[in-house]
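The values are calculated or read from the model by the stated rules, or taken from the named source; none is laboratory data. These numbers were taken from a predicted model, which means no experiment stands behind them. We place every Cβ from the backbone using ideal geometry, glycine too, and count neighbours over all the protein chains shown. All accessible areas refer to the heavy atoms of the entire protein, side chains included, with ligands and DNA or RNA removed. Shrake-Rupley method; radii C 1.70, N 1.55, O 1.52, S 1.80 Å.
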Amino acid sequence: MIEVGLEVLSLSQSSASLHKPNMMRNIVAGNWKSNKSINESREWMNEMGDEASNLPSNVRVMIAPPAPYLSSLAECKPSNVILASQNVSATGTGAYTGEYTAEMLLSCGVDFAFIGHSERREYYSDTNEVVVEKISRCLEAGLGIVLCCGEPLEIRDAGTHQEMIAGQLESAFGGIEDVDPAKFVIAYEPIWAIGTGRTASADQAGEMHTFIRSWLSNKFGSERAEQLSILYGGSCKPANASELFANADVDGGLIGGASLITSDFCQIIQAAGE
Ligand code: PGA
């Protein structure tokens, strides 16, 4: 729950300062995509509960299971794990078959929704316009948001990745005057690194995250930009997490494959807390 997250935040703020300017930014979020049965999901929650006391208190831990499991997992998840949805409807209550609203998610114990993941953009027509609509539904309902942005390989190769990310951010944040850093998270996920085993180098990630933070600073002011979490996603795993997170502007990760196994996920959480 967000309340739990915020308790963790205030604890972490009073702890000795580490290399990051603002420890409340640390988040490790898992994205199971279309993986795991309900029993495997419950087992994962049990294992995370067993590990809870070994995990750093300065990292918010979030997991996005498949939607059908959310309300059941809300009842058995450990208190340090925040539940997220991999998706949310762009429409409201009514005749929208197959959709689920931000209010429904909140009522099931879900605190965040991912918006604009590249797989949603690519396979399910989540255009920038749909992303804007989903953001506004979540803001209206009070559901937290993890906004994903990222460029495909051809854009990276053409050297226009910063322009593309700026375009995605301009579109997403266009009508927004301010954001609550406890409830709005940005994830940079280069598409060429998602599920490919090919990770952005620490320098590539660092450069983009600094670019995104300076974009946020221009939009919302430097104080707000310093409070916002920017996560890296794309083949982040125990072996490369520490190097990626050592960047001052990389506040943690959005983890796909490596979130499925609790021991891997916990190692990444440890790296985010260093
Ligand atoms: P990956 O996925 O860690 O398996 O590359 C990341 C994501 O899609 O969020």
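Below is a table of values for the structure above.
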{"read-out": "Stretch in the chain that is longest and holds no chymotrypsin sites (Phe, Trp or Tyr not before Pro) that DSSP places in a loop and that have at most 13 other beta carbons within 10 Å", "value": "125-274"}
{"read-out": "For region 225-273: accessible area per residue (Å², 1.4 Å)", "value": "27 Å²"}
{"read-out": "Apportionment of accessible area to carbon and sulfur, the chain, percent (1.4 Å)", "value": "49 percent"}
{"read-out": "Relative contact order of region 162-274, defined on C-alpha pairs under 8 angstrom at six or more residues apart (%)", "value": "27 percent"}
{"read-out": "Pair residue 35, residue 93: separation of 7 Å Cα→Cβ label points (nm)", "value": "3.7 nm"}
{"read-out": "Cut-off under 5 Å, modelled amide H: who pairs with residue 237 long-range", "value": "none"}
{"read-out": "Per residue, in Å², the accessible surface of region 21-156 once ligands and nucleic acids are set aside, probe 1.4 Å", "value": "41 Å²"}
{"read-out": "Phi-based couplings in Hz for region 183-189 (Karplus 6.51, -1.76, 1.60; Gly and Pro marked x)", "value": "10, 9, 10, 10, 10, 9, 10"}
{"read-out": "Estimated FRET transfer efficiency when R0 is 30 angstrom, pair residue 130-residue 76 (beta carbons, to 0.05)", "value": "0.40"}
{"read-out": "Sparse-neighbour loop sites [GluC sites (Glu not before Pro); region 128-179; at most 12 other C-beta within 10 Å; DSSP]", "value": "177"}
{"read-out": "Region 132-197-region 207-227 distance, computed between alpha-carbon centres (Å)", "value": "13 Å"}
{"read-out": "Helix-only CD estimate at 222 nm, as mean residue ellipticity for the chain, using -39500 (n - 2.57) per DSSP H run (n ≥ 4)", "value": "-13500 deg cm²/dmol"}
{"read-out": "Contact order normalised by residue count of the chain, Cα under 8 Å, 6+ apart, percent", "value": "21 percent"}
{"read-out": "Phi-based couplings in Hz for region 215-229 (Karplus 6.51, -1.76, 1.60; Gly and Pro marked x)", "value": "4, 5, 5, 5, 7, 10, x, 5, 5, 5, 4, 5, 8, 7, 7"}
{"read-out": "Rounded FRET efficiency, nearest 0.05, which uses the C-beta distance separating residue 160 from residue 46 and R0 of 45 Å", "value": "0.45"}
{"read-out": "Paramagnetic reach from residue 198 (point 7 Å along Cα→Cβ, amide N under 11 Å) across region 131-150", "value": "none"}
{"read-out": "Overall form of the chain per C-alpha gyration tensor (a/c, 1.5; a/b vs b/c)", "value": "rounded"}
{"read-out": "In Hz, Karplus ³J(HN,Hα) per residue of region 256-266 (6.51, -1.76, 1.60; θ = phi - 60°; x = Gly, Pro)", "value": "x, x, 6, 8, 6, 10, 4, 5, 5, 4, 5"}
{"read-out": "Among the listed pairs 36/134; 33/219; 36/77, those beyond 20 Å (Cα-Cα)", "value": "36/134; 33/219"}
{"read-out": "Amide H contacts of residue 144 (H built 1.01 Å from N, under 5 Å, at least 5 apart or other chain)", "value": "112, 113"}
{"read-out": "Amide H contacts under 5 Å for residue 229, placed H, 5+ residues apart", "value": "186"}
